[in-house]
Amino acid sequence: MRFWPGGANIWESTVSSGGRTPHVGISAYGEPARWGPWDRPAALVPMDYPEAVAAAGGIPVLLPPLPGIEEAISRLDALVLSGGGDIDPAAYGADPHPLTERVYPGRDRAERALLGAALTAGLPVLAICRGLQILNVSRGGTLQQHLPDSGGHRAGPGTFGTHQVRVAPGSRLASLLGPPDDGGELRLDVPTAHHQAIGRLGAGLVATAWAADGTIEAVEPAPAARAEFLIAVQWHPEQGTDPRLFRALIRFARERPDWKPVPAEPLDSPA
């Protein structure tokens, strides 16, 4: 639990933040899973995501990839689009690459609906890895279906690697993850595990970070639309030790004009 020192729980975080507890939806996987003697289809997400949201001061809410799940957006204050398998290439007019894997079109549709509903409602959105790709495809962009193994983007099955990214000066991402070094550049070492990346950039998006090989590692809305909080990164901040993107998501959720904090009470509190 990288962001949760001392094992503090959600209720303690709520008290320390004055009862201001944004509810943050996290898009969940829908995949086969095993627990105990069971081997069944499951709605799941690695614990790093809800732990990161909770540590930043939010209440994590898992959103299974079901038709109509976007109706939950009216009950939420922010959205995290999580990582996972590859997007169906048909969504951006391509044939599948031989190494395209774990394609679940139902999840693609559910997450695109969640994203559209969240942006229409003005919710802040943090899109991670696959989430960045969902955003790009939703805006008419395309994906590179398999990156060269030499690029350092994927350490191996079931593991995370690390590589450096260069962040664009003047971007919202730079304002969240700065300051730059003495030479005016902002470079970060980030946790990574992906074999696909943005091909053609989607409409209304600008690239704001790049790997050494030129792979786009982050996007956000063009400056004219930057009033909304929409940050998408190809890396995995929930796997690192830098909580600033999650903290920014919670901060923007609290700063929404219609944000109405409700003090929380534990179920066993005295009447």
Checklist entry - Using helices alone, what [θ] at 222 nm do you get for the chain, with -39,500 (n - 2.57) per DSSP H run of 4 or more residues, divided over all residues and rounded to the nearest 500? => result -6500 deg cm²/dmol
Checklist entry - Spin-label point model (7 Å from Cα, Cβ direction): what's the Arg102 to Val206 distance in nm? => result 3.3 nm
Checklist outcome for this item: For the chain, percent of DSSP beta bridges that are antiparallel (nearest 5) comes out at 65 percent
Checklist outcome for this item: In nm, the gap between the two label points placed 7 Å beyond Cα toward Cβ at Phe160 and Glu255 is 2.6 nm
Checklist entry - Which of these values of Cα Rg over 2.2 N^0.38 Å was calculated from the structure shown: (i) 0.99; (ii) 1.21; (iii) 1.29? => result (i)
Item to check | For the chain, size of Cβ-based charge dipole, Lys and Arg +1, Asp and Glu -1, in debye | outcome: 380 debye
Checklist entry - In nm, to one decimal, how far is the modelled label at Asp182 from the one at Thr120, with both set 7 Å along Cα→Cβ? => result 5.3 nm
Checklist entry - Using alpha-carbon positions, what is the distance between the centroids of the range 129-160 and the range 19-41, in Å? => result 22 Å
Next on the checklist: Can you tell me, using C-alpha contacts under 8 Å and at least 6 residues apart, the relative contact order of the range 5-255 as a whole percent?
Outcome noted: 19 percent
Next on the checklist: Expected output is a single nm value to one decimal: the length gained when fully extending between Leu62 and Asp242, i.e. 0.36 nm times separation in residues minus the C-alpha distance. What is it?
Outcome noted: 62.6 nm
Next on the checklist: Test of understanding: what is the full-extension gain from Ala222 to Glu31, defined as 0.36 nm times their sequence separation minus their Cα-Cα distance?
Outcome noted: 65.3 nm
Item to check | Full-stretch length increase - Ala94, Glu71 - with 0.36 nm per residue and alpha-carbon distance subtracted | outcome: 5.3 nm
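Read-outs throughout are calculated quantities, based only on the coordinates presented, and are distinct from any laboratory measurement. The structure presented is a predicted model; accordingly, all values stated were derived computationally and were not measured. A quick note on method: Cβ atoms are made from the backbone with ideal geometry, for glycine too, and the neighbour counts reach across all protein chains shown.
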